[in-house]
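The values are calculated or read from the model by the stated rules, or taken from the named source; none is laboratory data. Remember, it's a predicted structure, so these values are computed and weren't measured experimentally. Cβ atoms come from the backbone with ideal geometry, glycine included; neighbour counts cover every protein chain shown.
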Amino acid sequence: MTILSAVITLILVMDPFGGIPVFLSLLQHSPVRRRRMIILREMAIALGILMLFLFFGKFILSGLHISEPALNISGGIILFLIALRMIFPRPQPEEDLGRVEEPIVVPLAVPLIAGPSTLATVILLATRHPEAILNWLAALLIAWSAALLILLFADLLSKLLGTRVIQAIERLMGMILTTMAVQMLLTGVRVFMRSL
């Protein structure tokens with residue numbers, strides 16, 4: 001996997017366009033300046049968590065005796081489920097969207113940005129090609145920066161593009177992610193079959 005494909009994968013998995021409605025609804029009672037500070041804080045927390053899993057995820061996996069094929073297959077399944085949710089979104093319960101208190105860590109940093117699929121992806125990158133860890137760090141920083149810009153301009157994007165266009169972009173990203181998830185599953189099965 002190249003840096004470019006890693007960046008694309010991470011942006012698809014982070015799904016910042018899908019996070020726009022959630023971020024806007026959770027932060028609707030905050031002033032614009034405070035809203036940007038919250039987004040910066042939550043994104044910084046998410047980046048810290050993702051970097052932790054990028055550098056130390058392989059040790060967690062070895063401690064749990066999880067093999068590369070198992071990681072590929074489980075990562076593919078998680079990505080597939082996330083992609084299906086992007087293509088066929090479920091409506092958010094009104095009580096979740098109407099919270100007034102300022103969110104911290106949950107649900108913006110985790111699981112919206114640093115969710116199970118994103119964590120699985122960074123661990124997968126680090127364990128499959130540990131010699132290219134600096135490339136994966138660069139890919140993570142680029143993808144994170146793109147997600148940060150999208151979320152910082154969530155208000156403007158929501159007004160310019162409208163809800164329908166944002167939903168269409170999210171579904172398109174979901175379809176691309178579905179293909180990547182199936183490929184990851186096939187790779188895991190292939191590696192497992194060779195090890196028998």
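A few remarks follow.
Rundown of residues vs (1) of a type in the set (Gly, Ala, Ser); (2) touching a strand residue (DSSP E or B) at 6+ places or on another chain (Cβ under 7 Å); (3) surrounded by fewer than 18 Cβ atoms within 10 Å (Cβ to Cβ), yes/no style:
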position	(1), (2), (3)
ILE123	no, no, no
ALA147	yes, no, no
SER158	yes, no, yes
MET173	no, no, no
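- The listed residue being under 25 Å from MET175 (Cα atoms) and at pLDDT 90 or above, out of ALA83, ALA6, ALA44, ALA70: ALA6
- Enumeration of residues in segment 55-84 that are in contact (Cβ under 8 Å) with a residue 40 or more places away in the chain and closer than 15 Å to GLY115 by Cβ: GLY57, SER74, GLY75, ILE77, ILE78, LEU79, PHE80, ILE82, ALA83, LEU84
- The C-beta contact set for segment 20-47 (first residue over 16 Å from ALA146 (Cα atoms), second residue among the hydroxyl-bearing types (Ser, Thr, Tyr) and in a loop (DSSP other than H, G, I, E, B), distance under 9 angstrom, 6+ apart or interchain) comprises MET37/SER30; ILE38/SER30.
- Within segment 102-123, considering residues that are at pLDDT 85 or above and not hydrophobic (A, V, I, L, M, F, W, C), the one nearest to GLY18 (Cα to Cα): THR118
- Qualifying residues in segment 127-142 (those that are buried (at least 21 other Cβ atoms within 10 Å of the Cβ) and among the aliphatic types (A, V, I, L, M)) - the one nearest to ILE49 (Cα to Cα): LEU140
- Some residue of segment 157-165 being more than 17 Å from MET14 (Cα to Cα), modelled with pLDDT of 95 or more and among the hydrophobic types (A, V, I, L, M, F, W, C): no
- If the condition is being in contact with an Asp or Glu (Cβ under 8 Å, 6 or more places away or on another chain) and more than 23 Å from MET180 (Cα to Cα), then segment 1-26 contributes only LEU24.
- Number of residues in segment 176-196 that are of a type outside the set (S, T, N, Q), within 15 Å of the chain's Cα centre (by Cα) and at pLDDT 85 or above: the value is 0.
- Candidates LEU27, LEU52, filtered to the one that is touching a Pro at 6+ places or on another chain (Cβ under 9 Å), modelled with pLDDT of 85 or more and surrounded by 14 or more Cβ atoms within 10 Å (Cβ to Cβ): LEU27
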